[in-house]
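The values are calculated or read from the model by the stated rules, or taken from the named source; none is laboratory data. Because the structure is a prediction, the values reported are computed rather than measured. All Cβ positions, glycine included, derive from the backbone under ideal geometry; neighbour counts span all protein chains shown.
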Amino acid sequence: METRCCPGGCQIVPVWNFVALWPSEKEEEEEDIILISDDDEVQCPDDDDEGGEDSTQGSSVVFVDPQEECPLEEKKSEEMVDEEGDLVVTYCKQASVMPHARHDCTTHPFERTESDTCSPLGKNAEICDQCYCYICDKLAAECQLWTGPSLCHCNAHNKSNFWKAQRNFALAGVLATFNLELLELDAELKHGGDLLEKFIKDLGVAYNKYLGGERMCPPGHECCCELKLPPGQCSVCSSQKMEVVYKYSDVFELVMRFLTQAEQESPKAAAVMLLGAAKQIALHKDPAMLKSCQNLGPTASLRIAVPILFQRITTQLQRMLVLCDFPKILHEKFVEFFQSISLPCHCYAFSNSLNVLPWDHVLLTTVLKGQNITGHRRQKGRKIFLWETLPVVEARVEKLLGKKKYREVVRYLRAVKCNENQSRLRDLRDLIPFYLCKSGHFLDAAHSLLFPVNSLACCSACRMSPCQFKVYLKMFRTGCVPSGNEVQETGHWVTAGSPLRDTVLIKQALKLLYSSKALYRNAKCWSSFIMVLGSSDSLEKRGQLHPLCLEEPPLGFQESVLAASGNFLEDLKSGVNVTLPSALFSGQLHHEASLILAGQAVQQMLCSDLPQLPSFLEIVLAFGKNFWALKLLLDQLSCEEHILCGTANLLLRDLSREKGTMLRVWQNLGPQYVGQFLCLFLTCRHKRMQAVGLLSLGVVTDNLHLCPWAKQLCTFFHESGLRQLPFGTTVHHEVSKFVSAFEKL
C-alpha cells in the first residue's frame, strides 16, 4: 500500500508498515510523536541542512511536531479520512522517547566526523536521559570516556569505520582480533575470549619475569657463604662474576596449564583460547639465543619449548577443524587468524599447519564416494595428491566411524598419504579388514588381510595377534561383528551380513596361518581354528559361539577326507590356488569334514614346528566333546614316535601348570566329559599318552573337595568297561584304586 500524507505535511504510514510507540494516559503532555518508518529517505520537518549532509540518514525514527496544525490533534472522537478513503485515523497519542544512540538524538544536535577523538565536537557532549554511548553500549551518563581527551566517545557514530572498529573492540574484547562480527559472537566465543584475556595478563607477568633472568654463579664457583643470602646480596658472591640465566620453564608450565584448560572447554571457546595462546607465544623473544653455553633442558630453552607448545596447539586445532562442525565463515576466520601470526624462525614448520582440507573438497569427496581410488587427480596439468597430517587422518577416521561410514573409512585409508609416523598410519590401515566386516563385506575383508595397501608395506596378517585372529574367524563364521569399533571378542555383537562358506573360511584361515610364523606357531591360533570349525554359525545371547557335539562319521568318510586334506594342505602351503572338494565339505557331514581337516593341519604343524610350540593343552580342549576327532589326531601322531612323545611331554607340562584351569573346565563340562577325556588317554597304547591320563586322574583324586562329581566317574568307568580292559600295570592299579575308594563310601 502506498504512503499518504496529511494536510499538515506529516507523513502517515500504513498501520502494517510501522510500529507506533504509544505512551500511557499520563504521558499525553509529551511534545513529540514518534512514528517508526520503513522508508530510509524520510526527513523530519524541523531538520536543517547543517553539516552539508542529511542529518536523518540512518536514523531509526521519524518525528512529527504536534505544534504544527495537523488533523492528528483533533479530538479522539473525531475521525480523519483521506480523500481516497484508503486510510482512517481514529486515535493518536504522543509517544515516549525510547533509548537511542547519541547520534540519533533529536533533543541535541550532533556533528559527524570520521575519527575525531581529541575533544567533543559542537554539542556532542550534551545528552538526554535516553542517550546511549555508541561504543560502550550503555547510558552515556555512565560512560567514563564520554569526554575523555584521548578517546572521546561522545563523537562516536555508526557512519564511521573508525568508530565501528572501536565499538567492535569494546564489545568483543580480545575477540575483535579474530575479525568476528558482533552478530557472530555467542556465549561460547565470549567465554573463550574472557579466559584468553585473563591468560594474556598472567602470561605477561610470567614473560616479564623470564626476560629479567636469574643471576647464578658460573659452573665451578659455588657460594661458600654461611648466610645463604639471595644471589647478588652476598659480598663473597658479588665479588665473583655472576651469570644471568634465562629459564622459560615457568612460562612453559603456565601455557601448558592453559592449553589443558582449553581442551576441556567447548569447541568454539577452545579454538579461541588455542589460537590466542599461539599468537602470544609467537611474540616471545629469547634473550639468551646468542649464548650457546646455556643448556638448561627443553622446557627451559625458549627456542625448544615454544615449538613443543606449537605442536600441541596445532595438533589440537587440526583435530577440531575436522571433528567440530564450525560454521564455514567461522572456520575460515580461525584459519585466517592463524595465518596472520608472524611465526619466529624456530616455528616456520607450523606455517601451513591449519591448511586442512574441508569436508566438501573435490578430491576428498571423490575419494570418500569411491570415484577416486588412487587419491590423486590432475589440476591444471599437474598431479594433486591427498596428503594429510597424521592428526588430521586420525580425526577423519574418528569422525567417519562415529557416523558408521565404514566403507568411506576404507576408501580414505587406502588413498590418503602421510609423511609422518608411518607406523601409526600402518596401524590404522591394519583395521581396514575389520571395517569391511563392519560393512558386511566379509570376503573382501578376508582378502584384504593378506594383501598390503601398497607395494612398500607387508600385509596386515603379519602383525595380527592371536586374539584378533580368533575374532576374525568368529566374524567370518557367523556374519556378526562387535558393536563397537575395536577388534575385540567381548561385548555385544550384531549381525552385519552373510557368513563365509565353510570351504572359503577354511581356505582363508589357513592362508592367514601360513602367512605368519607368529600365528602358525601359536597354540591359541590353532585352538581358535578348531573351535570355530566345531561350532555352529549362530551366536548365543551373550555373543559366544555354540559348540557342536558331532557323532563320529563312517570310517570310509574319514579316510576320504584325510586323503583330500593332505593334498589340499600341501598345495595351499606352497602357494598353489586350490579348492576343497565340494562333495566332502559341502554335504551333510561338512562340519565333521572340517574337523578332520583341522586335525590334519595340526599334525602337519607338529611335524614341522613342534619345538617352537609353547603349549598343546589348548588345542586338545578346542575339540570340545568331539573326542573322536581328537583320537583321530592322536592316531595320526603315533606314526612318528618322536612327534608323539614330544606332544605328550607338552601335555604333561601343561597339566602340571594348569591344574586349577583344568578343574574349572571339568566343573563346567561335567563328569561325562571328564570320563571320556580320561578314557581317551588311559586307553592309548603309548605309555607317554597313558601318563597324561594318569596325571589327569591324579588331579581329580587330589582335589576331591573341588570335584563333587568325582563319584559319577566310577559309574562311567563301569559302564564303559574300563576296568576290564587290558591296561598296563600302573594304569590298571590307579584306576582300580580310584574306583575302590568310592565303592567303600
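The figures follow:
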read-out: Restricting the range 392-403 to residues that are surrounded by 13 or more Cβ atoms within 10 Å (Cβ to Cβ) and more than 10 Å from the chain's Cα centre (by Cα), the residue that is nearest to GLN422 (Cα to Cα); value: VAL393
read-out: Residue, modelled with the lowest pLDDT, within the range 170-227, restricted to residues that are closer than 30 Å to VAL245 by Cβ, loosely packed, with under 13 Cβ neighbours inside 10 Å and of a type in the set (Gly, Ala, Ser); value: GLY220
read-out: Checklist (1) within 33 Å of the chain's Cα centre (by Cα); (2) closer than 14 Å to ALA598 by Cβ applied to GLU540, failing item; value: (2)
read-out: Selected residue [surrounded by 20 or more Cβ atoms within 10 Å (Cβ to Cβ) and more than 20 Å from GLY599 (Cα to Cα)] from GLY670, GLY660, GLY675; value: GLY675
read-out: Subset of the range 513-544 (residues that are out of contact with any Gly (no Cβ under 9 Å at 6 or more places or on another chain), modelled with pLDDT of 90 or more and not small (Gly, Ala, Ser)); value: LEU513, LYS517, LEU519, TYR520, ARG521, ASN522, LYS524, CYS525, TRP526, PHE529, VAL532, LEU533
read-out: Failed criterion for LYS380 (all others in (1) at pLDDT below 90; (2) surrounded by 15 or more Cβ atoms within 10 Å (Cβ to Cβ); (3) not assigned by TED's automatic domain parsing to the domain that holds SER266 hold); value: (2)
read-out: Residue match in the range 144-152 (condition: over 37 Å from the mean Cα position of the chain (by Cα), surrounded by fewer than 16 Cβ atoms within 10 Å (Cβ to Cβ) and modelled with pLDDT of 85 or more); value: yes
read-out: Selection status of THR495, touching a Pro at 6+ places or on another chain (Cβ under 7 Å), of a type in the set (S, T, N, Q) and within 17 Å of LEU443 (Cα to Cα); value: no
read-out: In the range 637-678, the residues that are polar (S, T, N, Q), assigned to a helix (DSSP H, G or I) and closer than 18 Å to GLN604 by Cβ; value: THR647
read-out: Selection count where residues are surrounded by fewer than 19 Cβ atoms within 10 Å (Cβ to Cβ) and within 18 Å of LEU606 (Cβ to Cβ), scope the range 521-536; value: 2
read-out: Hits in the range 679-694 (condition: in a helix (DSSP H, G or I) and β-branched (Val, Ile, Thr)); value: VAL692
read-out: Residue match in the range 612-627 (condition: over 22 Å from ILE596 (Cα atoms) and in contact (Cβ under 8 Å) with a residue 60 or more places away in the chain); value: yes
read-out: Count of the range 103-133 residues which are within 20 Å of ALA165 (Cβ to Cβ), part of a loop (DSSP other than H, G, I, E, B) and within 55 Å of the chain's Cα centre (by Cα); value: 8
read-out: Failed condition for GLU408, given (1) under 22 Å from MET475 (Cα atoms); (2) crowded, with 20+ Cβ neighbours inside 10 Å; (3) modelled with pLDDT under 95; value: (3)
read-out: Residue match in the range 494-512 (condition: part of a loop (DSSP other than H, G, I, E, B), modelled with pLDDT of 90 or more and among the hydrophobic types (A, V, I, L, M, F, W, C)); value: yes
read-out: Whichever residue in the range 557-587 is buried (at least 16 other Cβ atoms within 10 Å of the Cβ) and of a type in the set (A, V, I, L, M) and, among such residues, is nearest to the chain's Cα centre (by Cα); value: LEU572
read-out: Single residue of LEU425, LEU431, LEU473 found to be under 23 Å from ASN372 (Cα atoms) and either out of contact with any Cys (no Cβ under 9 Å at 6 or more places or on another chain) or touching a residue at least 40 places away in the same chain (Cβ under 8 Å) (or both); value: LEU431
read-out: Checklist (1) touching a residue at least 12 places away in the same chain (Cβ under 8 Å); (2) within 49 Å of the chain's Cα centre (by Cα) applied to GLY660, failing item; value: (1)
read-out: Test: residue in the range 526-536 that is over 25 Å from LEU669 (Cβ atoms), touching a residue at least 40 places away in the same chain (Cβ under 8 Å) and hydrophobic (A, V, I, L, M, F, W, C); value: no
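Residues are listed down the side, and each one gets a yes or a no for (1) free of Cβ contacts under 8 Å to residues at least 24 places away in the same chain; (2) in contact with a strand residue (DSSP E or B) (Cβ under 8 Å, 6 or more places away or on another chain):
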{"position": "THR106", "(1), (2)": "no, yes"}
{"position": "PRO120", "(1), (2)": "no, no"}
{"position": "GLU126", "(1), (2)": "yes, no"}
{"position": "ILE135", "(1), (2)": "no, no"}
{"position": "HIS157", "(1), (2)": "no, yes"}
{"position": "ASN161", "(1), (2)": "no, no"}
{"position": "LEU180", "(1), (2)": "no, no"}
{"position": "LEU183", "(1), (2)": "yes, no"}
{"position": "ASP186", "(1), (2)": "no, no"}
